[in-house]
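Participant: I have a structure I would like to understand better, so I am pasting it below and will then ask my questions one at a time.
The values are calculated or read from the model by the stated rules, or taken from the named source; none is laboratory data. All figures in this text were calculated on a predicted structure; none of them were measured in a lab. When we count neighbours, we look across all protein chains shown, and the Cβ atoms used for this are built from the backbone with ideal geometry, even at glycine. Side chains included, ligands, DNA and RNA excluded: accessible areas come from the protein's heavy atoms. Shrake-Rupley method; radii C 1.70, N 1.55, O 1.52, S 1.80 Å.
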Amino acid sequence: MMDDPPCPCRSGESAGTCCGPILAGRRRAGTAEQLMRSRFTAFARGDLAHLLASWHPRTRPGADDLATSLGDGTRWLHLEILRTDAGGPFDQAGTVEFRATARGPEGRLVLHEVSRFVREDGAWLYLDGDVSA
Ligand SMILES: [Zn+2]
């Protein structure tokens, strides 16, 4: 569709069939990777509500802190999923390794992280992650 641009998470699907419905709360992420993709899209769009809703309450930052980091001028440009472990429709936990590229106030920025996700009451949540160089 002409008015349905490619999803920011670079899945190859349109935003309207990929992360859009998850950000809008119309569909739950079925896998940890889908949640990871939707969170990247939320960072790219500055969607504070989805970032908070998809973050485990135990590790979730305060809304003010998150809003400040979203407003620092960083533009998230590219996501590459490198590896997934579990995190499927029948799992309660999983990890997603990814490389995300952004342009920040100080130039190009690459985030390489292994993120941990857990599922509670059917909903995937981001728990925490290990960032590597
Ligand atoms: Zn997407």
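Participant: So which of 110, 118 ends up being without any contact (Cβ under 8 Å) to a residue 24 or more places away in the chain and either part of a strand (DSSP E or B) or surrounded by fewer than 17 Cβ atoms within 10 Å (Cβ to Cβ) (or both)?
Facilitator: Values: 118 fails: without any contact (Cβ under 8 Å) to a residue 24 or more places away in the chain.
When all the criteria are applied, what remains is 110.
Participant: If you don't mind, another one. What pairs come up if the first residue lies in the range 17-30 and is at pLDDT 95 or above and of a type in the set (Lys, Arg), the second is loosely packed, with under 14 Cβ neighbours inside 10 Å and assigned to a loop (DSSP other than H, G, I, E, B), and their beta carbons are under 8 Å apart, counting only those six or more places apart or on different chains?
Facilitator: 28/122
Participant: Hand me the list of helices (runs of 4 or more DSSP H) wholly inside the range 1-104 holding 2 or more residues that are closer than 15 Å to residue 124 by Cβ and open to solvent by less than 40 Å² (accessible area, probe 1.4 Å).
Facilitator: Details: elements: 20-23, 32-45, 48-53, 63-70.
Because the criterion is at least 2 residues that are closer than 15 Å to residue 124 by Cβ and open to solvent by less than 40 Å² (accessible area, probe 1.4 Å), the helices (runs of 4 or more DSSP H) in the range 1-104 that meet it are 20-23, 32-45, 48-53.
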